[in-house]
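Engineer: Before I ask anything, let me first share the structure, which is written out below as structure tokens.
The values are calculated or read from the model by the stated rules, or taken from the named source; none is laboratory data. All of these numbers come straight from a predicted model, not from anything done at the bench. Cβ placement follows ideal geometry from the backbone for every residue including glycine, while neighbour counts extend to all protein chains displayed.
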Protein chains: 2
Amino acid sequence: MGGDFGPHVTVPAALQALASNPQLKLLLVGNPETISPLLANQNAELLSRLQIVPAEHVVSNDARPSQAIRSSHGTSMRIALDLVKSGKARACVSAGNTGALMGLAKLMLKSIEGIERPALMTVIPNLKQQKTVVLDLGANINCNSRMLVQFAIMGAVMAEYVVGVANPRVALLNIGEEESKGLDNIREAAITLRNIPTINYIGYVEGNELLTGKTDVLVCDGFAGNVTLKTMEGAIRVILSLVKSPDGQQKQSSWLMKLFKMKIVKKWLLRQITKRFGHLNPDQYNGATLLGLRGIVIKSHGAANEHAFKAAIDQAIQAIEKQVPDRIAARLDAVLPKSE
Amino acid sequence: MGGDFGPHVTVPAALQALASNPQLKLLLVGNPETISPLLANQNAELLSRLQIVPAEHVVSNDARPSQAIRSSHGTSMRIALDLVKSGKARACVSAGNTGALMGLAKLMLKSIEGIERPALMTVIPNLKQQKTVVLDLGANINCNSRMLVQFAIMGAVMAEYVVGVANPRVALLNIGEEESKGLDNIREAAITLRNIPTINYIGYVEGNELLTGKTDVLVCDGFAGNVTLKTMEGAIRVILSLVKSPDGQQKQSSWLMKLFKMKIVKKWLLRQITKRFGHLNPDQYNGATLLGLRGIVIKSHGAANEHAFKAAIDQAIQAIEKQVPDRIAARLDAVLPKSE
């Protein structure tokens, strides 16, 4: 159990997930001496569905992926992925080193046939009270057009089976809507996607449409995906902080202002604001799925809090229930020519 | 006078700019039959500082840059740039076709020695009540490391002379903070920047730091820059729209809620919110400078409203006052080896 805060966040999140999912069983891979005390005085029924799998080491957060993979024996990450490979677990959720997790997962679980490189995918809420599937978020910073097409197919499967959108709209992230815009790989992917009849390809979409619900699936290379998602999260956090923080330079003190300074009113106002913006708060949709593998692997933010890490576990449960890897394999089989 | 709304936005904005800058003189390049009626009944002193320069055509918004440049004779864009080239105007502000403006401006005004390709730059507000210079925003979607270094130098000059920051911090936009992260051109530019003593290079910065004021200058290729800026603007517009729009599903009707439904209270609340968020509203900082040319060219959003277009004119005034092209030429001369 790695991540920035280790078991102190992941164990309480695991207990929460067990409480809200009566069918769930969890294997906690990590140091029993750290984990056990955090389970003291917990509900016996929850504990009966939880098992500690000992691991001596964690992959260090700042290790280079190649080096982390070479020295991964005995780490909680490798043991967790081994449990998925052997069928003893149906998914792996990790807040650890992203590069190492992607590399190890690909090495151990292998890609689905037809997928050159797995992609990091997340599902973000949009203005239309729907959700948008976005990929790749950083697994591949250089993508050729074939990879973008594969991401589009995987994203469409996610939108259809996990988000529940019939005939999901698929778009490519670009810096303009005209066909002539953007990088070569994007323009080439557009031509291919336009000719796949089972994909509802709607064209290019720009960064300002990320939250508007203009598309159900947004496809991009890992560099652009990482930049757009992080920028969006940053902007929302900044605005939420402006709402929550007291405005020191406020000099007016009208009756209304005095009202707003009352503790109870402030609390109420904050609750109203959270209601309005809450679904855009990055904690609510933490967890990126490593899509395109023969097993289910979810990457949580390293700095995830308890609530956010539980959201990542919930994503794993959904992916298991909706049989995401099998659906992707079947769709690729149907869409792509056999020679690929 | 092009852009999405033409003189109906740009003329009132020009009048506003004249009113708030007593030294300013403006040449309005466009169709006199459209412009003249918009000047009727205006203050005589303002009109004395304004002159119409007739142009028969505008560059079409959807024309490909190469084609637009070939058939640019007699367009308002070409005539305006000619006025800058001949010294009759000291800057050109346009809401027209971005690609055509960049191509024509480069062709007619030429790049400063040492600059391979001009870059689109804007100045955005940040949380620390300071401003961040961001470039490139879309002029160059493929950038080598030399270009990124040139952008860094130009950005530092802007931060120093226009924003007014001594020894401005310069960062490269990347998808992680570790040295090993990102694309080859970014890593190469980092090595060069670290070795230029007059640049205060602070390393990589991620998209979530765009608004936090972690850096004074943020350098990236035009694709990433366009994605990050548009994503940020989109996120802020979405949140402002959520604040302003009535929440239809609100069922509670406490005394406090009733209070909030009073028109005067709503208006007051909106004013408070605007005070808090207003400086992040994209209209407030409309206008991207085409940096690296031997003249001053400002690109306004095509869809800019009156207020936003005036902000673009204000940027032009600042660039003139601070002698931006001369400062950049001098800095390049000092920083880059003569052989380049």
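Engineer: Yes or no: region B:162-181 includes at least one residue that is under 19 Å from the mean Cα position of the chain (by Cα), in a helix (DSSP H, G or I), more than 11 Å from every other protein chain (Cβ to nearest Cβ) and over 29 Å from A:I124 (Cα atoms).
Structural biologist: Yes, region B:162-181 contains a residue that is under 19 Å from the mean Cα position of the chain (by Cα), in a helix (DSSP H, G or I), more than 11 Å from every other protein chain (Cβ to nearest Cβ) and over 29 Å from A:I124 (Cα atoms).
Engineer: In region A:93-126, what residues are in a strand (DSSP E or B) and within 13 Å of another protein chain (Cβ to nearest Cβ)?
Structural biologist: Step one: filter region A:93-126 for residues in a strand (DSSP E or B), giving A:93-94, A:111, A:119-125.
A:L120, A:I124, A:P125, listed by residue number.
Engineer: Give me the pairs, please: first residue somewhere in region B:207-229 and more than 9 Å from chain A (Cβ to nearest Cβ) and on the phi > 0 side of the Ramachandran plot, second residue anywhere and surrounded by fewer than 24 Cβ atoms within 10 Å (Cβ to Cβ) and assigned to a loop (DSSP other than H, G, I, E, B), beta-carbon distance under 6 Å, and either six or more positions apart or on two chains.
Structural biologist: Pairs that qualify, where the first residue is more than 9 Å from chain A (Cβ to nearest Cβ) and on the phi > 0 side of the Ramachandran plot and the partner is surrounded by fewer than 24 Cβ atoms within 10 Å (Cβ to Cβ) and assigned to a loop (DSSP other than H, G, I, E, B), are B:G213/B:N126; B:G213/B:L127; B:G213/B:K128; B:G213/B:Q130.
Let's see how each residue does on (1) within 21 Å of the chain's Cα centre (by Cα); (2) hydrophobic (A, V, I, L, M, F, W, C); (3) over 20 Å from B:V297 (Cβ atoms):
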| position | (1), (2), (3) |
| --- | --- |
| B:P7 | yes, no, no |
| B:Q16 | yes, no, yes |
| B:L24 | yes, yes, no |
| B:N31 | no, no, yes |
| B:Q51 | no, no, no |
| B:A63 | no, yes, no |
| B:G74 | no, no, no |
| B:A80 | yes, yes, no |
| B:G87 | no, no, no |
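Engineer: A further question on this structure: Of all residues in region A:4-60, count the ones that are of a type outside the set (S, T, N, Q), touching a residue at least 24 places away in the same chain (Cβ under 8 Å) and either closer than 19 Å to A:K310 by Cβ or outside the structural domain of A:M77 (by the TED database) (or both).
Structural biologist: Matching residues across region A:4-60 total 28.
Engineer: Looking only at region A:46-80, count how many residues are part of a helix (DSSP H, G or I) and among the polar types (S, T, N, Q). Quick ask: steps written out before the conclusion?
Structural biologist: As a first pass, look at region A:46-80 and keep what is part of a helix (DSSP H, G or I): A:46-48, A:65-70, A:76-80.
Filter once more, so that each one left must be among the polar types (S, T, N, Q): A:48, A:66-67, A:76.
Matching residues across region A:46-80 total 4.
Engineer: Now for a different question. Go through (1) part of a helix (DSSP H, G or I); (2) surrounded by fewer than 20 Cβ atoms within 10 Å (Cβ to Cβ); (3) in contact (Cβ under 8 Å) with a residue 60 or more places away in the chain for A:R187 and report which single condition fails.
Structural biologist: (3)
Engineer: If you don't mind, another one. Within region A:127-160, how many residues turn out to be more than 14 Å from chain B (Cβ to nearest Cβ), among the polar types (S, T, N, Q) and assigned to a strand (DSSP E or B)?
Structural biologist: 0
Engineer: Does A:I320 satisfy the criteria of being closer than 24 Å to A:L104 by Cα and part of a strand (DSSP E or B)?
Structural biologist: no
Engineer: Tell me which residues, restricted to region A:190-226, are part of a loop (DSSP other than H, G, I, E, B) and crowded, with 22+ Cβ neighbours inside 10 Å.
Structural biologist: A:I199, A:L210, A:L211, A:T215, A:D216, A:C220, A:D221
Engineer: Given the criteria buried (at least 19 other Cβ atoms within 10 Å of the Cβ), within 30 Å of A:G213 (Cα to Cα) and in contact with a His (Cβ under 8 Å, 6 or more places away or on another chain), does A:A139 qualify?
Structural biologist: no
Engineer: Now for a separate question. I'd like the full set of residues that are crowded, with 18+ Cβ neighbours inside 10 Å and in a helix (DSSP H, G or I), limited to region A:26-45.
Structural biologist: A:I35
Engineer: Pick out the one residue from A:A308, A:A303, A:A312 that is crowded, with 24+ Cβ neighbours inside 10 Å, of a type outside the set (S, T, Y), in contact (Cβ under 8 Å) with a residue 12 or more places away in the chain and not in a strand (DSSP E or B). Give the steps one after another, and end with the answer.
Structural biologist: Working: A:A308 fails: crowded, with 24+ Cβ neighbours inside 10 Å; A:A303 fails: crowded, with 24+ Cβ neighbours inside 10 Å.
It is A:A312.
Engineer: Going by the structure shown, is A:A63 under 16 Å from A:A316 (Cβ atoms), surrounded by 15 or more Cβ atoms within 10 Å (Cβ to Cβ) and in contact (Cβ under 8 Å) with a residue 12 or more places away in the chain?
Structural biologist: no
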